[in-house]
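The values are calculated or read from the model by the stated rules, or taken from the named source; none is laboratory data. Bear in mind that the values here come from a model prediction, so they are computed numbers and not experimental data. Here the Cβ positions follow ideal geometry from the backbone for every residue, glycine too, while neighbour counts run over all protein chains shown. Protein only, heavy atoms only, side chains kept; ligands, DNA and RNA dropped before computing areas. Shrake-Rupley method; radii C 1.70, N 1.55, O 1.52, S 1.80 Å.
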Amino acid sequence: MELPAPLRQGVERILEKVPLPVLKQAAKTLSDRYRAELRDGRLHMAEEMAVKAYLAARLPATYAAVRTSLDALADARPDFQPKSLLDVGAGPGTVLWATTDLWPDLEAAVLLEASAAVRKVGQSLAEGTIAARTEWLAGDATINLADLRPAELVTAAYVLDEITPASLPKLIGRLWQLTGDTLLIVEPGTPAGWQRILAARGQLIEAGAHVIAPCPHDAPCPLAQPDWCHFSRRVARSRLHRLTKDADVPWEDEKFIYIAAARAPIVPPQARVIAPPKSASGRVTLKLCRSDGSAGEQLFSRREGETYKAARKLDWGDALT
Ligand SMILES: C[S@@+](CC[C@H](N)C(=O)[O-])C[C@H]1O[C@@H](n2cnc3c(N)ncnc32)[C@H](O)[C@@H]1O
């Protein structure tokens with residue numbers, strides 16, 4: 001997956017005059033902070049150079065994870081065409097770009113972002129390109145959501161890991177109150193990211209939400225540590241992206257986990273594929289999370305005819321309908 005062309009061009013314009021050694025150092029500092037899940041009271045992207053490093057090294061991957069999660073949401077709810085978006089921890093506008101790519105008729109978006117440096121870049125990328133009316137708000141998502149108006153689609157992508165764990169239940173509760181239709185939360189596909197999504201999932205179900213993706217049920221998650229639920233999306237690396245990370249290959253695999261919770265239930269798919277399929281001649285083994293709340297591997301063989309043909313086409317993250 002690649003960034004939409006106008007976003008890619010906007011990012012290239014912002015990065016064209018940045019000396020590579022400076023960008024590489026800023027990307028390394030940013031990556032170290034993210035890896036350590038450092039919460040030292042400072043925003044990871046308080047400085048302009050950290051924002052530029054994010055554009056070069058992280059935006060393509062977070063965009064791909066968000067866009068893929070939105071695809072799963074849209075598959076689960078083909079009738080859903082949100083006109084309004086509220087995105088918290090908006091960063092450079094990743095969710096805004098992914099949402100308008102999928103739903104070009106989006107009319108209005110409110111983007112809450114704590115860092116002034118990030119807001120400035122996000123605003124300049126979107127200006128004159130994104131058709132929806134956009135309003136960028138300064139504020140802390142853990143304290144400044146009181147006066148906001150609900151939106152049909154509410155989102156928080158790669159944000160929970162930057163917030164003190166004790167503040168998360170109140171934040172999730174408020175995001176759900178602000179959700180007119182569907183709430184989407186995306187996190188890194190690590191065991192810790194999965195734990196945060198599991199906690200949010202439990203809280204949302206308790207509050208009356210219906211999980212519409214990825215889980216095909218509202219029952220307790222059937223996976224147990226050291227296993228964890230996550231998905232993967234291949235992301236194209238630009239030349240600058242490769243140089244910034246000293247990487248050899250022109251792609252990377254972004255691991256992510258998400259939850260989409262809605263006000264109304266859906267008819268769930270039979271199952272979702274929760275690991276890379278294992279194929280052999282005339283056989284494919286899929287690890288499935290099933291609508292009855294169970295999970296496990298299932299072998300499909302050529303003898304099963306159409307069922308096998310359908311199973312063979314499925315990839316990690318796909319729904320089995
Ligand atoms: C990893 S970035 C993700 C940006 C974007 N959502 C994406 O997926 O690319 C997290 C963003 O959340 C912002 N953020 C962190 N804590 C916040 C808070 N308490 N309130 C508002 N924004 C916050 C950060 O400044 C940063 O821009």
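Some points to look at:
- If you run the Gaussian network model on the chain, springs between alpha carbon atoms under 10 Å, then out of A65, A310, A56 the most flexible one is A310.
- For region 80-127, the spread of Cα coordinates along the three principal axes comes to 33, 17, 13 Å, biggest extent given first.
- The listed residues I130, I257 rank as I130, I257 when sorted by accessible area, largest first, using a 1.4 Å probe.
- For region 192-321, the square roots a ≥ b ≥ c of the C-alpha gyration tensor eigenvalues yield an a/c of 1.5 or more together with a/b not exceeding b/c, which makes the shape oblate.
- In this simple spin-label model, placing a label point 7 Å from the Cα along the Cα-to-Cβ direction at both D32 and A46 gives a separation of 1.6 nm.
- Rounded to the nearest whole Hz, the Karplus-based 3J(HN,Hα) values (6.51 cos²θ - 1.76 cosθ + 1.60, θ = phi - 60°) of region 126-131 follow the sequence 7, 4, x, 10, 7, 6, with x at glycine and proline.
- The three principal axes of the Cα atoms in region 114-155 give end-to-end lengths of 30, 26, 15 Å, sorted in falling order.
- Here the chain was treated as a single set of alpha-carbon atoms; its pair distances binned every 10 Å from 0 give 6, 26, 34, 23, 9, 1 percent.
- Between Q25 and K278, the modelled labels are 4.8 nm apart [label points 7 Å from Cα along Cα→Cβ].
- Cα gyration tensor shape of region 154-218, rounded if a/c is under 1.5, else prolate or oblate by comparing a/b with b/c: oblate
- The figure for D181 is an accessible area of roughly 30 square angstrom, using a 1.4 Å probe on the protein chains alone.
- Computed over the chain, the per-residue total of -39500 (n - 2.57) for DSSP H runs of n ≥ 4 gives a 222 nm mean residue ellipticity of -11000 deg cm²/dmol, rounded to 500.
- Cross-link pairs K24/K52; K255/K287; K17/K245; K120/K255; K17/K52; K278/K313 - those with Cα-Cα distance over 22 Å: K120/K255
- Shape class of region 110-202 from the Cα gyration tensor (axes a ≥ b ≥ c, square roots of the eigenvalues): prolate, since a/c reaches 1.5 or more and a/b is larger than b/c.
- Estimated at the nearest 10 Å², the accessible area of D79 is 110 Å² with a 1.4 Å probe.
- Net charge dipole size for region 97-209 [Lys, Arg +1 and Asp, Glu -1 on Cβ; Debye, nearest 20]: 260 debye
- In the complete set of protein chains, residue-level accessible area for D315 is approximately 90 Å², probe 1.4 angstrom.
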